[in-house]
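*Asks:* What follows is a single structure, and I will ask about it in a moment.
The values are calculated or read from the model by the stated rules, or taken from the named source; none is laboratory data. In this text, all values refer to a predicted model and were calculated from it rather than measured experimentally. Note that we place each Cβ from the backbone using ideal geometry, even for glycine, and neighbour counts take in every protein chain shown.
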Amino acid sequence: MPPKAASTAKPRAKAGGESTSKSRSGAGAVNAGDGATKAPAKRTRKTKAAAAADASKGGFPVAAVLAILVPVIAAAAAAYFFPNLIAPYLPTSLVPSILGSLLPKVELSEFHKLEAIDVDGNVFKFDQLRGKVVLVANVASKCSYTPQYAGLQDLYARYKDKGFEVVAFPSNEFGGQEPGENKEIKGFAADGYGVQFPLMAKTNTNGPAAHPVFRLLTAALPNGKDRQPNIAWNFEKFIISRNGTPVERHLSTTRPKWLQPEIEKWLEEV
């Protein structure tokens, strides 16, 4: 009997081994199955990535376009609303090209059609400047260039009988250097520098509130010798010929007496 028991124990162990082997092979089959399942997933991801790459190559480059447009629009908006701060850092042609369509158009031939309110509150018609060489300047009473009032008056006194006129526009845009009211400005210019040439009411030279004369002048001479499209500081000077054409633009640092040869040249033009 004991030998029979021993013989029956072996098959059971073998069966157990076979069962274990089958379990292991089954686990291997499951693992293999997992591997077989994962492989198509990898192929799917590669396909999506490839499709995305193809789409980016053939599609519209939105991000690239926005990367170019956003800084340009932001710079243009800054120049429009804060011209005194941003203008010195912009390319000379950028602001006029982008913002020109936003402002009312002023034709270059319309200089003599313009008008302004003078420091006494009266209408000053530019029509009375026909046939004259005109120097237009933006002025201020508390600027380091304020003594140029005297130089402008000297030019006016020297050439007024030959058909020359100076027209000055006070402005508080630059450093808040023209804080007074029109009556104060008139008294300061007359008492301090003997100003006799036409003095307009306080106005703006840049941006949406700019007086039409400055929109016209900066459009005609967008770069000027200071290489800026907007008025950069107090006492910039523009020369307009007898026929109403803006012909020269000069820096704030240009002393009025330095313009005598230019004025004489344009006075000789018929």
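*Asks:* Considering the stretch 230-270 alone, what residues qualify as being polar (S, T, N, Q), modelled with pLDDT of 95 or more and crowded, with 21+ Cβ neighbours inside 10 Å?
*Replies:* 234 - this is the single residue of the stretch 230-270 that is polar (S, T, N, Q), modelled with pLDDT of 95 or more and crowded, with 21+ Cβ neighbours inside 10 Å.
Residue-by-condition table, conditions (1) within 13 Å of residue 168 (Cα to Cα); (2) hydrophobic (A, V, I, L, M, F, W, C); (3) part of a loop (DSSP other than H, G, I, E, B); (4) out of contact with any His (no Cβ under 8 Å at 6 or more places or on another chain):
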{"residue": "183", "(1), (2), (3), (4)": "no, no, no, yes"}
{"residue": "202", "(1), (2), (3), (4)": "yes, no, yes, yes"}
{"residue": "213", "(1), (2), (3), (4)": "yes, yes, no, yes"}
{"residue": "219", "(1), (2), (3), (4)": "no, yes, no, yes"}
{"residue": "233", "(1), (2), (3), (4)": "no, yes, yes, yes"}
{"residue": "243", "(1), (2), (3), (4)": "no, no, yes, yes"}
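*Asks:* Is there a residue in the stretch 198-214 that is under 17 Å from residue 144 (Cβ atoms), among the small types (Gly, Ala, Ser) and out of contact with any helix residue (DSSP H, G or I) (no Cβ under 6 Å at 6 or more places or on another chain)? Lay out the reasoning, then the answer.
*Replies:* So the first thing to find is which residues in the stretch 198-214 are under 17 Å from residue 144 (Cβ atoms), and the list is none.
No, every residue in the stretch 198-214 fails to be under 17 Å from residue 144 (Cβ atoms), among the small types (Gly, Ala, Ser) and out of contact with any helix residue (DSSP H, G or I) (no Cβ under 6 Å at 6 or more places or on another chain).
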